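The values are calculated or read from the model by the stated rules, or taken from the named source; none is laboratory data. Note that the structure is a prediction, hence the values are computed from the model and not measured. Neighbour counts are summed over all protein chains in view; Cβ atoms, including those assigned to glycine, are modelled from backbone coordinates with ideal geometry. These area figures cover heavy atoms from the full protein model, side chains too; ligands, DNA and RNA do not enter into them. Shrake-Rupley method; radii C 1.70, N 1.55, O 1.52, S 1.80 Å.
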Amino acid sequence: MDSLHKPSRRAFVRAAGALAAAGASSRLWAAPAKDVVVLTAYPDAVVSRFEAAFEKAWPQYRLRIVWRMPHDALPTLRQAGQGGVDVYWSASPKTYAQLKDEHAFRKLPVSLEGLPGRVGGSVINDPDGFYAASEVAGYGFAVNPAYLHRHQLPPVADWSDLADPVYAGHLAVPDPVEVGFAPVLVDIPLQAYGWDIGWALWSAIAANAAFTGRGGTFVSDEIGGGRKGIGLSIDFFVASAVANGAPVEFIYPRQGGVNPAHIAVTAGSPNPEGAKAFVDFVLSDAGQKILAHPDIRKLPVRPSVYAGLPAGYHDPFATAARGGYLYDNARGRGRAAPVAAAFGQAFVRPHARLVELWARLHAADGATWNSVWPLLTAPPLKESEADDPAIQRAFFARRDDPAAEALAAGLEQTWASRVDARYAKAASLLGVA
């Protein structure tokens, strides 16, 4: 068996069905279906449903799936002939951008009519037409309703709710230095509410929270296991937890962000007609509706599809039309690393101190509040620093470039010293030793 391909029960069922059909039909002598090779990281729960529907709509083609995680997709698509792959279909914007720069894709051969290519402030399609979003994942809050009821906590709907001291000790927040998707979560309030207000909001939220690492599913594990009541996450991690029986719900805040998955046709596609057919199907009404299956629960990129989805299914386009989803993902990608590093120096590193100071501040009188609040909530860096291309490059390249590491480490020390001085002054005003 080809080591590139993952065996599955559906392959056996399909083969058995084909044999039965051949024995009962003159189609035994029909031309065989032509392979469309799709490289993807999607699990079988997603792929099998698209495969069945596509092959029913396009019986002249047969999908052949190559499973690769994004970091393994690059070597495959850099092979001679791009490993025989026709379509790359996965969720990794950086990988698509890199492959585009390497001329690994041909321009999409399908119409994108009815696909706006953006959600609020975030562009989700390649502006040059080499790849398009096939679905988006949304950022928001994982919630355990039984936990909230047990602790007599009110429901949450948006970011400002999380700053309420009633939630102290009940939140789980992924550490943006350790968890790959978390820098977007940090940047959403910074963009939506403004730099100064966003950092102030985060200071109060961080004081209510415990920080988690260990990868993307750990927040869902904390909330599903009843150790915390609310956690910041991305919807597909929570959907997976729900599918496995976790007592968790997902709340999309008004000001959210999206992470697009994309689809592209390889430059060396051996079956460009079949590749076109598959991309066309994935982006069609029929393909987009599959995303709403209870075992998948992803957000379609074709707005017209939402009218036929179950009541209460989150529609990011409708939310954006009401003023939500202001987040600009292109801007966010550039500044993700310095923002995450500054967040770590301001809130994660001195977390115990921050919790103590906020607890004292909530009990303080008005005059003390007015003196201390600015010290706890001031941004550790200017927004112009986060948006500075030289600083962004330093944090991006710090692992491989000693000069970049020196600059990044020096900035982190500056931010840490700035934060520590403010917290020391706040402690003095609050009478904390």
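Once the Cα atoms of helix 402-430 and of the chain are each reduced to a long axis, what angle between those two axes, in degrees from 0 to 90 to the nearest 10, is obtained? Orientation of helix 402-430: about 40 degrees from the principal axis. For the stretch 267-369, averaging the sequence separation of C-alpha pairs within contact (under 8 Å, six or more residues apart) and dividing by the residue count gives a relative contact order of 11 percent.
Legend: residues S269, S384, sorted from most to least accessible area (1.4 Å probe; ligands, DNA and RNA excluded), read S384, S269. Annotation: H362 carries an accessible surface of approximately 80 Å², with a 1.4 Å probe and no ligand, DNA or RNA atoms counted. Extending 7 Å from the Cα toward the beta-carbon at both A359 and H293 defines two label points whose distance is 4.9 nm. Between the Cα long axis of helix 366-377 and the first principal axis of the chain there is an angle of about 40°, rounded to the nearest 10.
Taking 0.36 nm per residue of sequence separation and subtracting the Cα-Cα distance, how much length would be gained by fully extending the chain between S160 and S417, in nm to one decimal? 89.7 nm is the gain from fully extending S160 to S417.
Calculated on the alpha-carbon coordinates, the convex hull of the stretch 192-321 measures out at 170 cubic angstrom per residue.
Loop-located trypsin sites (Lys or Arg not before Pro) in the stretch 45-147 (DSSP state not H, G, I, E or B) with no more than 15 neighbouring Cβ atoms inside 10 Å: R78, K107. Taking 25 Å as the cut-off for C-alpha to C-alpha distance, list the pairs among K298/K382; K56/K94; K276/K298; K382/K425; K34/K100; K100/K289 that go past it. From the list (K298/K382; K56/K94; K276/K298; K382/K425; K34/K100; K100/K289), the Cα-Cα distance tops 25 Å for K298/K382; K56/K94; K34/K100; K100/K289.
Here the spin labels are modelled as points 7 Å beyond Cα on the Cα-Cβ line, and at N370 and L153 they lie 3.3 nm apart.
Straightening the chain between R331 and D196 buys 46.9 nm, computed as 0.36 nm per residue apart minus the Cα-Cα spacing.
Ranked by the mean number of other Cβ atoms within 10 Å of their residues, highest first, the peptides 79-90, 309-320, 248-259 come out as 248-259, 79-90, 309-320.
Calculated on C-alpha atoms, the gyration radius of the chain divided by its Kirkwood radius gives an Rg/Rh of 1.03. Between A424 and S111, the contour length at 0.36 nm per residue exceeds the alpha carbon distance by 106.7 nm.
Residues whose amide H falls under 5 Å from that of V66, counting only those 5 or more places apart or on a different chain, are V38, L39, T40, with hydrogens built in the peptide plane.
Here the Karplus curve 6.51 cos²θ - 1.76 cosθ + 1.60, taken at θ = phi - 60°, turns the phi angles of the stretch 278-287 into couplings of 5, 4, 4, 5, 4, 8, 6, 3, 4, x Hz, with x standing for Gly and Pro.
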